[in-house]
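The values are calculated or read from the model by the stated rules, or taken from the named source; none is laboratory data. Note that the structure is predicted; figures quoted are calculated from it, not measured. Positions of Cβ are generated from backbone atoms using ideal geometry, with glycine treated the same way; all protein chains shown enter the neighbour counts.
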Amino acid sequence: MAESDEIPPYQNALGAFHDAFADELKAMVDTLPIRDGDRVLDLACGDGRFSRWLADRVGPGGFVVALDLRPSYLELARGTVSAGPGADRVAFVSADAFRPPLPDGAFDLAWCAQSLRSLPDAVGLLRGMARLVRPGGKVAVLEEDAMHHLILPWPEDLELAVRRAELEALADSIQLPRSYYAGRRLPRIAAEAGLEDVSVWTRAIDRTAPLSGAERAFLRLELAALRERSADRLDPDELAVFDRLALPDSDAYLPDRPDFALTCIERLVVGTVPS
Ligand SMILES: C[S@@+](CC[C@H](N)C(=O)[O-])C[C@H]1O[C@@H](n2cnc3c(N)ncnc32)[C@H](O)[C@@H]1O
């Protein structure tokens, strides 16, 4: 697959997201059915944050394979993992997720986080993950849904306008616009991929003012990305309201409000590979 090796621009926001919600994300990884000594695959590992937490879970007798298409991302992941205690348990593989150079049945659990918008054919991807896992092992996917990812205390009519603008912009600009909304279909995707006993855990993470530096950084980048996607399709009045609430220099910047609260929604689906 022809793909640039540059770290994509979205990594800033994704890294900030990992920082802002690290405790809860790690807690979700801690619920995965992983035992000491297990073999775990982190597919499309990105910056390696999840690989590091997975390496904690497998213990000294287990291992994690962190796979990504981009060598630059694997470099970043190496740095992340080397800062953790399980660094020697992680091997890095540069490969296409759809053609992994890995034997069938080699893992006890295959994990993929926040990557369905980067990878076409979600059902095919999960089927491929299932092939790499032994019968009775698990496939686990963490995703979000762009429409419901963040509950912010802004006016309902503004939110409707912004989300519609974002939906239209995605439909015009990228090949797989629906992949931004994969979170809502995740259980169905898992079932269509042939997984059994599919469990769904939707986690709502709350934050209230005053926000930490990491939380503020995440929101600033998230709101900037939302503006970039939607500004051209908002009318001038809507854009003026958006900018008043969402630009950090504004004296009405939403996250500066003493009563500010946000909820971030993430979905974890785990299925069993048929025996
Ligand atoms: C949105 S990032 C998510 C990374 C990481 N799982 C996380 O949660 O932070 C998507 C990742 O998919 C990788 N990727 C895109 N296409 C891929 C492919 N065909 N095979 C393997 N990795 C791919 C990108 O390089 C990037 O690291």
- Of these, 76, 43, which one is over 21 Å from residue 141 (Cα atoms), within 13 Å of the ligand (Cβ to nearest atom) and crowded, with 19+ Cβ neighbours inside 10 Å? 76
- Task: Under 6 Å between Cβ atoms, at least 6 apart or on separate chains: pull out the pairs that start in region 198-226 with a residue that is under 16 Å from residue 151 (Cα atoms) and end on any residue that is modelled with pLDDT of 95 or more and of a type in the set (Asp, Glu).
- Result: 203/266; 205/24; 207/215
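Restricting region 88-99 to residues that are within 17 Å of residue 76 (Cα to Cα) and not in a strand (DSSP E or B), which is nearest to the ligand (Cβ to nearest atom)? Before the answer, list the steps.
Start the filter on region 88-99 by keeping residues that are within 17 Å of residue 76 (Cα to Cα), which leaves 88-95.
Now restrict to residues that are not in a strand (DSSP E or B): 88-89, 95.
Details: 88: 21, 89: 18, 95: 7 Å.
This residue is 95.
Test residue 135 against the criterion of being at pLDDT below 95, loosely packed, with under 15 Cβ neighbours inside 10 Å, of a type outside the set (D, E, K, R) and away from the ligand (no atom under 12 Å from the Cβ), and give yes or no. Reasoning before the result, please.
Working: at pLDDT below 95: no; loosely packed, with under 15 Cβ neighbours inside 10 Å: yes; of a type outside the set (D, E, K, R): yes; away from the ligand (no atom under 12 Å from the Cβ): yes.
No.
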- Message: Any residue that is of a type in the set (Phe, Trp, Tyr), surrounded by fewer than 20 Cβ atoms within 10 Å (Cβ to Cβ) and in a helix (DSSP H, G or I) - is there at least one of those in region 152-161?
- Response: no
- Message: Tell me yes or no: at least one residue of region 52-66 is near the ligand (Cβ under 9 Å from one of its atoms) and assigned to a loop (DSSP other than H, G, I, E, B).
- Response: no
- Task: Could you figure out which of (1) surrounded by 20 or more Cβ atoms within 10 Å (Cβ to Cβ); (2) of a type outside the set (Gly, Ala, Ser); (3) free of Cβ contacts under 8 Å to residues at least 40 places away in the same chain; (4) within 12 Å of the ligand (Cβ to nearest atom) isn't true of residue 9?
- Result: (1)
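Look at region 100-122 and say how many of its residues are more than 20 Å from residue 170 (Cβ to Cβ) and either touching a residue at least 60 places away in the same chain (Cβ under 8 Å) or within 15 Å of the ligand (Cβ to nearest atom) (or both).
Going through region 100-122, the residues more than 20 Å from residue 170 (Cβ to Cβ) turn out to be 100-113.
Retained after the next criterion (residues that are either touching a residue at least 60 places away in the same chain (Cβ under 8 Å) or within 15 Å of the ligand (Cβ to nearest atom) (or both)): 100-102, 106-113.
So the answer is 11.
Residue 74: touching a residue at least 24 places away in the same chain (Cβ under 8 Å), under 22 Å from residue 266 (Cα atoms) and in contact with a strand residue (DSSP E or B) (Cβ under 7 Å, 6 or more places away or on another chain), yes or no? Spell out the reasoning first.
Values: touching a residue at least 24 places away in the same chain (Cβ under 8 Å): yes; under 22 Å from residue 266 (Cα atoms): no; in contact with a strand residue (DSSP E or B) (Cβ under 7 Å, 6 or more places away or on another chain): yes.
The answer is no for residue 74.
Among what's in region 13-40 and is aliphatic (A, V, I, L, M) and farther than 24 Å from residue 271 by Cβ, pick the residue that is nearest to the ligand (Cβ to nearest atom). If you could, list the steps in order and put the result at the bottom.
Residues of region 13-40 aliphatic (A, V, I, L, M): 13-14, 16, 20, 22, 25, 27-29, 32, 34, 40.
If we keep only those that are farther than 24 Å from residue 271 by Cβ too, we end up with 13-14, 16, 20, 22.
Working: 13: 10, 14: 5, 16: 11, 20: 13, 22: 12 Å.
Residue satisfying both the conditions and the ranking: 14.
When you scan region 165-275 for helices (runs of 4 or more DSSP H) that lie fully inside it, which ones turn up with 1 or more residues that are closer than 30 Å to residue 137 by Cβ and in contact with an Asp or Glu (Cβ under 6 Å, 6 or more places away or on another chain)? Even if it seems obvious, please write down each step before you answer.
Values: elements: 186-192, 213-230, 236-246.
Passing ranges, in order: 186-192.
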- Query: If a residue has to be under 23 Å from residue 220 (Cα atoms) and surrounded by fewer than 19 Cβ atoms within 10 Å (Cβ to Cβ) to count, how many in region 255-275 make the cut?
  - Reply: 8
